[in-house]
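Colleague: This is the structure, below, for whatever I ask next.
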Amino acid sequence: MIRLETPRLILRRWREEDVAPMAAVNADPEVMRWIRDGSVRDEQQTRDGIRAWEAEWEARGFGLFAVEIRSTGELAGFTGLSVPSYLPEVLPAVEVGWRLGRAHWGQGLATEAAAAAVRFGFEERGLERIVSIAQVGNDASERIMTKLGMRLERETVNPTGGRRVRVFALSADRYVPTAR
């Protein structure tokens with residue numbers, strides 16, 4: 001079982017007891033503001049999402065990790081790698097993404113988690129390139145992408161929701177590992 005640890009976080013595969021706290025994250029309109037069309041998700045949609053994330057792990061050898069706070073065991077949200085099939089023009093690609101509950105914003109946790117996922121992608125899975133995609137206006141996510149060493153590659157429209165997005169990218173030859 002794949003498990004990554006950072007100074008403050010544990011990144012691990014999903015468990016049944018993660019459904020309710022992740023559903024709470026997905027039910028927050030402020031958290032979901034920059035996700036697709038901004039719609040919140042209920043517990044069943046969250047359960048279905050977790051099943052899909054776990055299926056991606058089985059099919060590809062990477063996926064979205066549950067992000068747990070080491071000191072408390074609390075589920076903060078997710079980070080990890082996935083194929084951004086919703087944006088065909090960037091394929092083939094692997095995207096690093098994250099979603100944390102509001103209680104965990106502003107502490108550098110998303111950057112810490114995403115950096116571990118990027119390191120996993122390059123060092124453990126041998127990826128050549130990782131992208132990250134954010135809706136135009138989501139400055140907080142763009143700051144994380146920049147901290148990860150990513151550079152703006154293009155601006156386009158997400159065909160599934162019609163919103164403008166920016167695609168940032170980092171290649172393996174430009175990757176500089178961060179402190180563990």
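Colleague: Which residues, taken from region 122-152, are polar (S, T, N, Q) and surrounded by fewer than 19 Cβ atoms within 10 Å (Cβ to Cβ)?
Modeller: GLN135, ASN138, THR146
Colleague: Name the single residue, out of those in region 77-105 being assigned to a strand (DSSP E or B) and touching a Ser or Thr at 6+ places or on another chain (Cβ under 6 Å), that is least open to solvent (accessible area, probe 1.4 Å).
Modeller: Here the answer is VAL96.
Colleague: Still on this structure: Being over 15 Å from SER141 (Cβ atoms) and among the basic types (Lys, Arg) is the filter; apply it to region 79-126 and report the residue that is farthest from the chain's Cα centre (by Cα).
Modeller: Residue satisfying both the conditions and the ranking: ARG125.
Colleague: Listed residues ARG163, ARG119; which is modelled with pLDDT of 95 or more and either of a type in the set (Lys, Arg) or surrounded by fewer than 20 Cβ atoms within 10 Å (Cβ to Cβ) (or both)?
Modeller: Among ARG163, ARG119, only ARG119 is modelled with pLDDT of 95 or more and either of a type in the set (Lys, Arg) or surrounded by fewer than 20 Cβ atoms within 10 Å (Cβ to Cβ) (or both).
Colleague: Now a separate question. What pairs can you find where one residue is in region 78-99 and over 18 Å from LEU64 (Cα atoms) and acidic (Asp, Glu), the other is open to solvent by less than 20 Å² (accessible area, probe 1.4 Å) and outside any loop (DSSP other than H, G, I, E, B), and their Cβ atoms are less than 6 Å apart, with a gap of 6+ or different chains?
Modeller: Every condition considered, no pair remains.
Colleague: Could we say that SER141 is closer than 23 Å to ALA169 by Cα, among the small types (Gly, Ala, Ser) and either in a loop (DSSP other than H, G, I, E, B) or modelled with pLDDT of 95 or more (or both) here?
Modeller: Taking the combined requirement at face value, the residue satisfies it.
The values are calculated or read from the model by the stated rules, or taken from the named source; none is laboratory data. Just so it is clear, the model here is predicted, and its values are computed rather than measured. Heads up, the Cβs are rebuilt from the backbone with ideal geometry, glycines too, and the neighbour counts pull from every protein chain shown. Only protein heavy atoms, including side chains, enter the accessible area calculation; ligands, DNA and RNA are left aside. Shrake-Rupley method; radii C 1.70, N 1.55, O 1.52, S 1.80 Å.
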